[in-house]
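Here's the structure, in structure tokens; my notes come after.
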Amino acid sequence: MKVALYVRVSTLEQAEEGYSIGEQKDKLKKYCEIKDWKITRVYSDPGFSGSNLNRPSMQQLIKDAGTGLYDAVLVYKLDRLSRSQKDTLHLIEDIFQKNNIHFISLSENFDTSTAFGKAMIGILSVFAQLEREQIKERMMMGKAGRAKAGKIMAWSNIPFGYVKDNDTYKIDPLRANIVKKIYNMYLAGDSVTRIFNRLNEEGHVGKDIEWSYRTVRQVLSNASYTGVVTYHGKIYPGKHQPIIDENTFDEVQRQLKIRQIEAEKKFYAHPFQSKYMLSGLLKCGYCGATLVINKSHRKNKPPRWRYNCPNTLSRKHVRTYAHKDIDCPFKFIYRDEIEELVTSEVKKLALDPQSITEDYEQHDEEQIDVEAIEKELASIKRKQNKLVDLYLIADTLNIDELNNRSTKLKEQQRALEAKLKPVQKDDNKIIDFQKNLAKAKDIERLDYDKQKFIINQLVSSIDVTNENVTINWNF
């Protein structure tokens with residue numbers, strides 16, 4: 001009979017007597033010599049747990065099962081094959097028996113070719129599973145005991161700012177100061193993105209790799225910095241000294257939730273809000289459509305981002321934007337060029353704030369032909385009088401139709417009368433505009449997000465043609 005040997009040890013069992021790879025092979029080979037069985041292959045998984053089947057040689061053993069390479073699988077002990085009842089039965093019933101392969105365990109003297117062997121294999125698998133669950137339970141009790149005693153988990157990652165000191169953490173002064181800086185910056189209003197960019201600009205001191213959004217976020221939410229140990233969602237007093245006091249930590253957690261809610265509101269209120277400075281502000285000067293941003297690929301040159309009118313692109317490129325069937329002559333404008341132009345104009349206005357008053361006085365003013373409006377009002381008045389007369393002398397006009405016509409005439413009348421009233425200036429609006437403009441004197445020195453925020457406060461829209469750019473200020 002052709003036999004395949006399978007041997008395995010986990011890391012903790014390497015030195016146990018009777019379980020080493022060499023000793024397992026030796027005993028199995030001697031047993032085959034006695035039985036006069038031919039060994040066709042030895043499958044070995046040193047240092048792999050028996051809790052699952054994700055082992056290189058085990059996977060190869062399964063692949064070879066249908067090739068006729070062996071007629072039986074021989075192991076030193078049942079748990080060498082697997083410690084999982086489910087996996088053991090899967091191998092025996094779905095892999096071995098399906099391919100007419102016997103399974104033999106030397107220590108238990110079981111052979112699946114016999115009815116007794118098949119029954120006992122299932123029973124022993126249950127006990128192997130029970131043993132594994134008991135080991136797991138003991139380990140969990142040990143972990144809980146360590147946590148209650150304020151000891152750290154030996155397998156856990158050491159929080160930045162601490163070094164491991166036996167069963168606890170010891171403060172690393174240099175890195176602990178950076179942790180404090182992260183908390184202080186966040187409470188001062190800096191975003192997580194701003195914080196990790198600042199730390200990287202300073203050379204990510206004390207850290208082998210650069211900071212990222214994820215690593216800064218982990219620091220801000222790690223309760224270990226308050227001197228506690230967490231296990232299975234429960235908090236226990238730790239033996240290590242805190243870096244952050246509880247009040248500061250709690251306030252940061254509160255701010256994290258508030259900012260998350262605000263971010264979600266912005267996202268759902270503006271689902272297509274872009275990260276770019278002028279997205280949503282740029283309008284086509286020909287057809288009025290909102291310009292969309294696309295990447296321009298150039299031969300032997302790095303790509304550039306540019307804004308296009310959606311009416312000049314095919315529908316498949318602008319599915320999320322309005323698309324009209326019109327022939328628009330707009331070409332494109334590069335993102336960096338238009339951003340530089342707009343920030344330059346904003347700075348120019350910020351350095352000459354007196355020009356705002358002149359623009360404000362002229363803003364939204366239109367040449368009103370008072371005489372023409374008064375004539376139209378007189379015409380509407382005559383129509384209203386005729387409408388009443390028509391109702392009194394005509395049988396074809398009912399009360400509902402009379403009311404409908406009268407309402408329309410009154411709407412026209414109110415609209416015309418509003419044009420004759422002097423324009424009411426909103427002084428608060430110009431004051432807010434001037435406050436935001438004051439922040440733009442050194443706009444070129446600000447980071448991109450702050451530039452974007454200021455421009456969105458100052459600019460209502462920007463009309464772009466192939467020749468001109470017109471900024472419409474927000475006052």
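What follows draws every value from the coordinates through simple rules; no lab data is involved. This is a predicted model, so every value here is computed, not measured. Cβ: placed from backbone, ideal geometry, glycine included. Neighbour counts: every protein chain shown.
Looking at the stretch 131-232, which trypsin sites (Lys or Arg not before Pro) are DSSP coil and have at most 16 other C-beta atoms within 10 Å of their C-beta? Here the trypsin sites (Lys or Arg not before Pro) that fit, given the DSSP loop and packing criteria, are LYS207. Given R₀ = 25 Å, FRET efficiency for GLN59-LYS25 by Cβ-Cβ distance, to 0.05? After rounding, the FRET efficiency stands at 0.80. Taking Cβ atoms as reference points and 12 Å as the exclusive limit, the residues near PHE110 contribute a net charge of 0, counting Lys and Arg as +1 and Asp and Glu as -1.
Near ILE235, once Lys and Arg are set to +1 and Asp and Glu to -1 for all other residues with Cβ below 15 Å from its Cβ, the sum equals +4.
Overall form of the stretch 162-269: oblate. Here a/c, set by the Cα gyration tensor axes a ≥ b ≥ c, is 1.5 or more, and a/b is not larger than b/c. In this structure, the amide hydrogen of ARG8, modeled 1.01 Å from its nitrogen in the peptide plane, lies closer than 5 angstrom to those of ASP45, counting only residues at least 5 positions away or on a different chain.
If you find the alpha carbon centre of the stretch 239-261 and of the stretch 35-96, how far apart are they in angstrom? Spelled out, the Cα-based centre of one part sits 51 Å from the other. Per-residue Cβ neighbour counts within 10 Å put GLU345, GLU201 in the sequence GLU201, GLU345, beginning with the fewest. Expressed to the nearest 5 percent, the antiparallel share of DSSP beta bridges inside the stretch 2-135 is 10 percent. Averaging the sequence gap over all C-alpha pairs within less than 8 Å and six or more residues apart, then dividing by the number of residues, gives the stretch 6-104 a relative contact order of 32 percent. The chymotrypsin sites (Phe, Trp or Tyr not before Pro) of the stretch 133-236 meeting both criteria, a DSSP state outside H, G, I, E and B (loop) and at most 16 other C-beta atoms within 10 angstrom of the site's C-beta, are TRP155.
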